[in-house]
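Input: a single structure, listed below in structure tokens.
The values are calculated or read from the model by the stated rules, or taken from the named source; none is laboratory data. Just so we're clear, the structure is a prediction, and the values are computed from it rather than from any experiment. No Cβ is skipped: glycine too gets one built from the backbone with ideal geometry, and neighbour counts run over all protein chains shown. In case anyone asks, the SASA skips ligands and DNA or RNA and just uses the protein heavy atoms, side chains included. Shrake-Rupley method; radii C 1.70, N 1.55, O 1.52, S 1.80 Å.
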Amino acid sequence: MNQIINIFYNKNKKSQSIREEVQEKLESRGFTISYDNHPDGILNLCIGGDGAFLRAVHDSNFSPIPFVGINTGHLGFYQEILIPHIDRFIDDFIHQNYHVESLFTLQAQGIIHGSNQSYRHRALNEFVIKNSDNSIIYIDVYVDDNHLETFAGDALLVSTPAGSTAYNFSAGGSILYQQLEGYQLTPLAPINSKAYRSLLNSLVIPKHAVLKMDVRLRGDHNFLLIADGITHEYPKAKISFTISETRVKKLVFNENWYWLNIKDKFL
Ligand code: NAD
């Protein structure tokens with residue numbers, strides 16, 4: 001059987017036309033294309049922006065097959081391959097001129113107050129915890145059972161190193177190199193007054209530490225647990241965040257890509 005490449009793409013016109021072009025080129029080199037997240041695929045190819053990469057990771061249920069992205073949007077952090085370099089990418093892929101990066105993911109495990117109901121989600125970039133009606137959210141935060149703060153503000157972000165350049169960075173968090181073994185807690189509009197004391201800056205947490213949150217809500221509101229832009233709504237809960245066992249593998253063709261990208265995007 002021919003080697004299978006899974007293609008994921010967003011629905012904008014440019015991605016559609018690049019998808020057709022790439023499919024033709026890959027088939028002419030002997031690959032079989034699947035749009036159904038084939039479990040025997042050798043590559044997950046995402047066409048679009050960073051959002052397309054994140055959707056592919058979630059739609060494939062954090063597939064163990066390595067990912068690579070062709071960028072059809074603005075500068076993409078996950079989308080290394082630029083449209084003019086598609087032929088070179090196919091040659092480099094066939095000749096295995098790449099290395100594989102393993103990206104940390106986060107797991108959030110929640111238990112709803114007053115019940116045994118639990119849920120679990122994973123994220124490659126970050127989790128955002130905020131109120132469903134945009135009012136202030138109050139959260140007791142613990143690191144390994146040590147009470148850290150009672151946060152009051154707009155939201156808390158828990159981000160991976162790979163996600164540190166996304167929402168986390170816009171919220172004033174630090175950039176963590178993708179292979180650093182830790183994760184980051186970053187406040188969004190924290191309240192600091194006589195009544196509330198919240199950390200104003202982000203906190204980097206070591207890989208094995210467990211971050212726990214007791215989300216306290218006023219009235220009957222729910223809160224939102226947003227995983228890489230995908231929203232889940234829950235009533236009051238205790239949530240534990242940890243670095244998950246799951247890693248997302250990404251092919252890297254240019255070893256300087258990360259630092260070039262930081263400079264291009266932010267400076
Ligand atoms: P999208 O492709 O529109 O992504 C939104 C923006 O986030 C794009 O500019 C994208 O390049 C950037 N981005 C995503 N992941 C990145 C990363 N790891 N490093 C640097 N930039 C990154 O698609 P979407 O589905 O809306 O993406 C969801 C992501 O959007 C979330 O995971 C979150 O990080 C990001 N986001 C950012 C803000 C903000 O910066 N104020 C607000 C909401 C969501």
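For beta carbons closer than 6 Å, sequence separation of 6+ or different chains, a first residue in the stretch 13-29 that is closer than 20 Å to G73 by Cβ and a second that is open to solvent by less than 60 Å² (accessible area, probe 1.4 Å), the qualifying pairs are K14/T72; S15/I47; S15/G48; S15/T72; I18/I47; I18/T72; R19/I47; Q23/I33. Entry remark, the stretch 20-36: residues being part of a loop (DSSP other than H, G, I, E, B) and either within 11 Å of the ligand (Cβ to nearest atom) or open to solvent by 50 Å² or more (accessible area, probe 1.4 Å) (or both) number 3 in total.
Taken together, the residues in the stretch 43-57 that are more than 10 Å from the ligand (Cβ to nearest atom) and either part of a loop (DSSP other than H, G, I, E, B) or not small (G, A, S) (or both) amount to 6. Residue pairs whose Cβ atoms lie under 6 Å apart, sitting 6 or more positions apart in sequence or on different chains, and linking a residue in the stretch 64-80 that is open to solvent by less than 10 Å² (accessible area, probe 1.4 Å) and among the polar types (S, T, N, Q) to a partner that is more than 8 Å from the ligand (Cβ to nearest atom) and at pLDDT 95 or above, are Q79/G69; Q79/N71. If only residues of the stretch 218-235 that are under 15 Å from Q109 (Cα atoms) and surrounded by 16 or more Cβ atoms within 10 Å (Cβ to Cβ) are counted, the one that is farthest from the ligand (Cβ to nearest atom) is P235.
Run down G73, G69, G51 and say which single residue is among the small types (G, A, S) and in contact with a helix residue (DSSP H, G or I) (Cβ under 7 Å, 6 or more places away or on another chain). None of the other options fit; the residue is G69.
Among the residues of the stretch 195-202, is any closer than 21 Å to F104 by Cβ and open to solvent by less than 30 Å² (accessible area, probe 1.4 Å)? No - not one qualifying residue is present in the stretch 195-202.
Looking at I262, I243, which one is in contact (Cβ under 8 Å) with a residue 12 or more places away in the chain and closer than 22 Å to I139 by Cα? Sole residue among the options that is in contact (Cβ under 8 Å) with a residue 12 or more places away in the chain and closer than 22 Å to I139 by Cα: I243.
Residue count for the stretch 17-43 satisfying the condition of being over 19 Å from D91 (Cβ atoms) and in contact with a strand residue (DSSP E or B) (Cβ under 7 Å, 6 or more places away or on another chain): 7.
Please work out if D40 is of a type in the set (D, E) and within 16 Å of the ligand (Cβ to nearest atom).
no
Within the stretch 40-47, does at least one residue satisfy the condition of being within 30 Å of L156 (Cβ to Cβ) and crowded, with 21+ Cβ neighbours inside 10 Å?
Looking for residues that are within 30 Å of L156 (Cβ to Cβ) and crowded, with 21+ Cβ neighbours inside 10 Å, one finds at least one in the stretch 40-47, hence yes.
Of the residues screened, G110 is not one that is over 18 Å from the mean Cα position of the chain (by Cα) and within 17 Å of N168 (Cα to Cα). If you take the residues in the stretch 167-187 that are touching a residue at least 60 places away in the same chain (Cβ under 8 Å) and of a type in the set (A, V, I, L, M, F, W, C), which one is least open to solvent (accessible area, probe 1.4 Å)? Result: I175. Restricted to the stretch 236-265, and to residues there that are over 16 Å from Y78 (Cβ atoms) and among the hydrophobic types (A, V, I, L, M, F, W, C), the residue that is farthest from the ligand (Cβ to nearest atom) is A237.
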